[in-house]
Structures are given as C-alpha cells and as structure tokens.
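For reference, the structure discussed in these notes is given below.
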Amino acid sequence: CLLSGSWRSDTGCRMVVSILRKDGSFSGSYLPGPATSDLEILTSPLEGSQQDTGMVPQPIFSFTVHWQFRETTQTTVFLGQCYVGTKGEETLHALWLLREAAESPDEDWKATR
C-alpha cells in the first residue's frame, strides 16, 4: 500500500501525494471538497510519513496540513492506516484533529476540534 498519487475522501476532499521518499516521508497538497462551506480555503501543503511498506503490507501513516486561508491560521493532523482489500483495492482510514490559533489561554478550550 503506497500513498503516492491522489486520494479522495467521502466528503470530496483530495489529498495528492506528489513526493514519496525512500525513508517513508512524503509531501503534497490537500484540496478542500465541495462539502466545505468556507470558500476562502486554498490548496494547502501537506507533509507526512508512513511505515516501511516492505515490513508491513498495511502501513500506518500520519500527515499535517497547514491550511492556506486568507484571514486565519489552522493546522490539521491526520493519523491512520492504509488497508489493502481482498481484490487489491487500497483504502485509507484516518482520524484528524484541527487546531486554530487562540487569542489567549482563556480561549484555548475551543481551539481544537
């Protein structure tokens, strides 16, 4: 299971892994889908890594997206695993956390979703 290429989420977002290095690190871009209500989101860079596919056929991966907005700062981290089905189809399952910049420690409670 290799992450290189293009992946689409259930909501229409797209992750494009353009560089997959020998050490398992990768980079690319994340594009918001049509379900995104905020039209100000631009294509955003991502950086990540995955387990050595020579050691495990269904590797764990993680990546970070630094969102490119016009007026705010947000970062999302994804952690998941790539599964290979019985017919060879590859599927990613991931959890994510989104962090916004907080104005003060008092506002910290609402900065992570």
Loop-resident sites, segment 3-107, for trypsin sites (Lys or Arg not before Pro), counting at most 10 other Cβ within 10 Å (DSSP): ARG21, LYS22, ARG70, LYS87
Dipole-positive endmost among ILE19, TRP96, HIS66 within segment 5-107 (Cβ charges, Cα centre): ILE19
Which label in [x] 15.3, 51; [y] 14.9, 49; [z] 17.8, 57 gives the computed Rg and Dmax of the Cα atoms in Å: [x]
Residue order for LEU95, LEU2 - accessible surface, 1.4 angstrom probe, largest first: LEU95, LEU2
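Heavy atoms only, probe 1.4 angstrom, no DNA, RNA or ligands counted: give me ASP10, ASP52 ranked by accessible area, highest first.
Working: ASP10 165, ASP52 90 Å².
Result, largest first: ASP10, ASP52.
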Dipole magnitude of the chain about its Cα centre (Cβ charges: Lys, Arg +1; Asp, Glu -1), debye to nearest 20: 480 debye
Isolated Cys residues of the chain, judged by Cβ distance under 4.7 Å to other cysteines: CYS13
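Test of understanding: given the chain, find the longest segment containing no GluC sites (Glu not before Pro) that are in a DSSP loop and have at most 16 other Cβ atoms within 10 Å. Could you put the intermediate results ahead of the total?
Values: sites that count: GLU40, GLU71, GLU89, GLU103.
Excluding the exposed sites themselves, the longest stretch runs over 1-39.
The values are calculated or read from the model by the stated rules, or taken from the named source; none is laboratory data. The structure presented is a predicted model; accordingly, all values stated were derived computationally and were not measured. Counting neighbours? That spans all protein chains shown, and the Cβs are built from the backbone with ideal geometry, glycine included. Heavy atoms of the whole protein, side chains included, go into the accessibility calculation; ligands, DNA and RNA do not. Shrake-Rupley method; radii C 1.70, N 1.55, O 1.52, S 1.80 Å.
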